[in-house]
Every structure is written in structure tokens, then in C-alpha cells.
Amino acid sequence: MTEDKITLAQDNKLTLSRQNFTTIEKRCLYFIIKEVRRLYVDRNLEEHESTQKTLFSDMYLTLKPNQLQMLGDEVRDVYNALRKLRNREIEIENEEIWVITAWILQAKHNKKNNMYEVLVSKDILPYLVELASQFTEYSLTVAITLKSTYSQRFYEICCMYRNKGKFFLDIDKLRYILKIEDKKSYQNVAQIKRDILEVAQKELETVFNEGQSDLYFTYRIKDKDGRKILSYWFDIHTRQTEEQKRLDFGTTQAQIRRIMDICSTFIKRDKKYLARVEKELMINPSNAAKVLEKLLSKVNDYPKKEIPAIIRYVLREDFGMR
């Protein structure tokens, strides 16, 4: 399998865990996850070995320099990323357990053969392989090239929910998983929107439009308390959903044109009324199919001279168009 085709998997508990990585640290972690999967998943371990968490032991991973070169231009960039991962804690809490541990226990650079060795704790290994019934998939190429750590986090979360098409996050939950709840500036939702949501949304949509990513997201308000925003919906857009939207748009536009043809055939002189109907259909395009179905049934069932009044009645009473 070529590197640009590699698909990684993360346990959902890890995707929604408490993290505040820098971008370079997260890129380093992606390579670690890739190696863990290669050793634990791609080698097809015996069923009892791959399902029993108690069988995990601390594991050494060997990383090649050309893999880590993407982390920065200097060896020191790699050192700094590994050093920070060594010092960072990972905290996972869900209905089953609470765990706090380190991402890696040790990092070593053998300068003679120019290879890196990373020791991964047995406590974190279960969350780096496919041991849960649900998991997140994401492309190594996309994840490692994203410039913002917030883009990386939202990309992972979007991948987790891609089959559902959307998800929501409370503002407090968002602060928690990003570890920003103690930062005064992020008590202001507008600051979160500007520095985090807008940055992640813009980068993911840009790489999607450039053909370098398989998804992006848009967001909208879910709940408010007065003027205070409490939560957001996040809508996930993929190649499939975008294509379906184009197909749906074409179908809807054809339906609206057919409705206006019927209306203008029987109500020729009232141009203002026709304009209002068309405007309502453009505002609420989801009504087009039902409107067309109703009008076609009336046109087929009633005498021609009665159709103008019936059209007005149906549009007014059933769809609020006046």
C-alpha cells in the first residue's frame, strides 16, 4: 500500500479525548499511530491477542528519517516534537473508565544509522488500534499536511461522524476536549468562532476544493440562551454529499420551473403574484416536489376554468403563499 493511500484508524475515545497538541506534535503522533496499526492490525494477529487489552505491553516503534522530515526542516524540530509528546499527558474519560497516561515513554535517535525509536506505553496502545466497535478513519496524507491543530482535530471528529452526516458539540464540551476552558480569551464564544472554528473550517474546505481532502464541515447554531450561543451543529460535506446536492439542486430547479409554467399558464396577468410564488419557492425549495405534485393533480382533475382559483387556494392554504 502506498503512503498516499494509507488509511488510519483511531478508537473514538481517543478522538474525543482531552488534547491540546501543537500541529507538529500531532503530525509526529500520526506516524506513531500508523506504525502501531501496521504492527497490530496489518499483521493479522491472533484473535485473542487483538482483542484482549491485558496482553498489551510497552512497545518500541522504529521511525525512518524520511517519515519525520515532514515534521520540520531541522532535526531539532523532530527532537522538540518527540520531547513534548514525552512530557504531555493524555486524559481519557468516558462511561467505562478514566485514564491519565503519557503518549510516549521514551524517544531515542540513533545517529549512526539515523533511525528514531519511540517507546509507546501499553496504557495508550488500546486506544491506538481498532479495539472498539466504532473507530475513526482518516487519511495520513490529509492529517499530516494540515497546518492548524484545530483543523486536525475537526478532521478526525468529522471522519468519526461522516456516516451520520452531522454532529453537535456544546461549547463547554468543545472547550474541554481542546483544553482551552482555562484560557480567558476563550470564555468568549466569538473568540472561539474566530480563532478555532473559522480557521479549521476554512482550511478543510480549501484542501477539499483543491482535491487534497475527502471532507470538510460547515457549522450553524444549535442552541442559544438569549444571545448566548450554547452549542453548534456541524454538517459534514463529502464528495458524495456534494454530488447529491448538485443532483438535488438540478431536480429542484426543474420542479420550480414546471410549477411556474403551470402558474403562468393559468394566471397570466398577475405578474406580481407569480413573482411572489417564485420567490417563496426559491426560499423554501424543499417544498417544490409537494407543490408540483398537488398542482398536477388539480390540473388533471378539475375543469380548466376553475384551475386559477384552485391554484391560488392550494398555494395559500397548503403552503402559505399569498
Checked region 282-309 for anything farther than 18 Å from Ile256 by Cα and aliphatic (A, V, I, L, M); matches are Ile307, Ala309
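Which of the helices (runs of 4 or more DSSP H) contained wholly in region 51-145 include at least 1 residues that are at pLDDT 80 or above and of a type outside the set (A, V, I, L, M)? Working first, answer last.
Values: elements: 65-68, 75-87, 140-145.
Where helices (runs of 4 or more DSSP H) fall fully within region 51-145 and carry at least 1 residues being at pLDDT 80 or above and of a type outside the set (A, V, I, L, M), they are 75-87, 140-145.
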Practice problem: Restrict the check to region 305-318 and report whether at least one residue is surrounded by 12 or more Cβ atoms within 10 Å (Cβ to Cβ), modelled with pLDDT of 90 or more and among the basic types (Lys, Arg). | Solution: yes
* Using the structure shown, decide if Gly211 is exposed (fewer than 13 other Cβ atoms within 10 Å of the Cβ), under 32 Å from the mean Cα position of the chain (by Cα) and on the phi > 0 side of the Ramachandran plot. => yes
Listed by first then second residue, the pairs whose first member lies in region 108-126 and is touching a residue at least 24 places away in the same chain (Cβ under 8 Å) and surrounded by fewer than 19 Cβ atoms within 10 Å (Cβ to Cβ), whose partner is of a type in the set (Phe, Trp, Tyr) and part of a strand (DSSP E or B), with beta carbons under 6 Å and at least 6 positions apart or on separate chains, are His109/Tyr116; Glu117/Tyr60; Leu119/Tyr60
>> Just checking, does region 272-291 include any residue being among the hydroxyl-bearing types (Ser, Thr, Tyr) and in a helix (DSSP H, G or I)?
In response: yes
Thr252: passes all of (1) touching a helix residue (DSSP H, G or I) at 6+ places or on another chain (Cβ under 7 Å); (2) part of a helix (DSSP H, G or I); (3) farther than 30 Å from Leu204 by Cα; (4) not charged (D, E, K, R) but (3)
Filtering region 189-208 for residues that are farther than 14 Å from Thr149 by Cα, of a type in the set (D, E, K, R) and more than 14 Å from the chain's Cα centre (by Cα) leaves a count of 2
Could you tell me whether any residue of region 149-161 is at pLDDT below 90, under 19 Å from Glu93 (Cβ atoms), in contact with a Lys or Arg (Cβ under 6 Å, 6 or more places away or on another chain) and not β-branched (Val, Ile, Thr)?
no
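The values are calculated or read from the model by the stated rules, or taken from the named source; none is laboratory data. What you are looking at is a predicted structure, and each value in this text was computed from that prediction instead of being measured. So basically every Cβ, Gly included, is an ideal-geometry build from the backbone, and we count neighbours across all protein chains shown.
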